[in-house]
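Student: Take this structure, written in structure tokens, and hold onto it; I'll ask about it next.
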């Protein structure tokens with residue numbers, strides 16, 4: 001059976017572990033010890049949020065995220081596997097961390113510039129066209145396996161670049 005605890009001062013309500021008591025928890029808003037709450041108080045607290053929909057129809061497979069303005073919640077698509085975002089480009093482009101760049105060099109050679117070095121940053125680049133134009137991956141002020149650039153020459157050639165905070169490595 002799920003148990004609930006609330007803050008008597010601000011109304012903060014949470015579900016708690018069955019083997020715990022309300023007084024084991026403190027309110028993150030004001031530091032007060034929590035007291036027992038009911039399931040209906042827990043449900044009411046969530047439903048009182050101003051940006052929750054009256055129906056969840058159409059929100060299957062979505063996840064809840066905080067809006068960029070940090071003033072409410074929104075339902076978003078689940079990010080691609082591993083948190084990657086997909087970007088299709090046909091001109092020079094500066095990639096962002098966790099981006100999979102589909103590079104189309106059919107109209108001319110292009111350069112994909114990696115983001116500034118940061119620990120655990122990663123970018124994948126794939127040449128998607130069949131032209132003889134190259135896709136150059138540029139590490140900017142850093143190196144990629146010891147070199148400042150790396151070139152993709154054939155269609156469907158792809159590499160993942162991983163940064164340790166200083167240098168980029170091809171995985």
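The values are calculated or read from the model by the stated rules, or taken from the named source; none is laboratory data. This structure is a prediction, so every number in the text was calculated from the model and none was measured. Positions of Cβ are backbone-derived with ideal geometry, glycine not excepted, and every protein chain shown enters the neighbour counts.
Student: Being free of Cβ contacts under 8 Å to residues at least 40 places away in the same chain and buried (at least 19 other Cβ atoms within 10 Å of the Cβ) is the filter; apply it to the range 100-114 and report the residue that is nearest to residue 171 (Cα to Cα).
Tutor: Taking the candidates together, the pick is 100.
Student: If we only count strands (runs of 3 or more DSSP E) wholly inside the range 20-106, which ones have 3 or more residues that are at pLDDT below 70?
Tutor: Those strands (runs of 3 or more DSSP E) span 62-66, 73-77.
Student: Do you know which of the residues in the range 152-171 that are part of a strand (DSSP E or B) and loosely packed, with under 14 Cβ neighbours inside 10 Å is modelled with the highest pLDDT?
Tutor: Checked the range 152-171; the qualifying residue modelled with the highest pLDDT is 170.
Student: Considering only the range 118-151, state which residues are farther than 21 Å from residue 86 by Cβ and outside any loop (DSSP other than H, G, I, E, B).
Tutor: Passing the criteria: 119, 144, 147, 149, 151.
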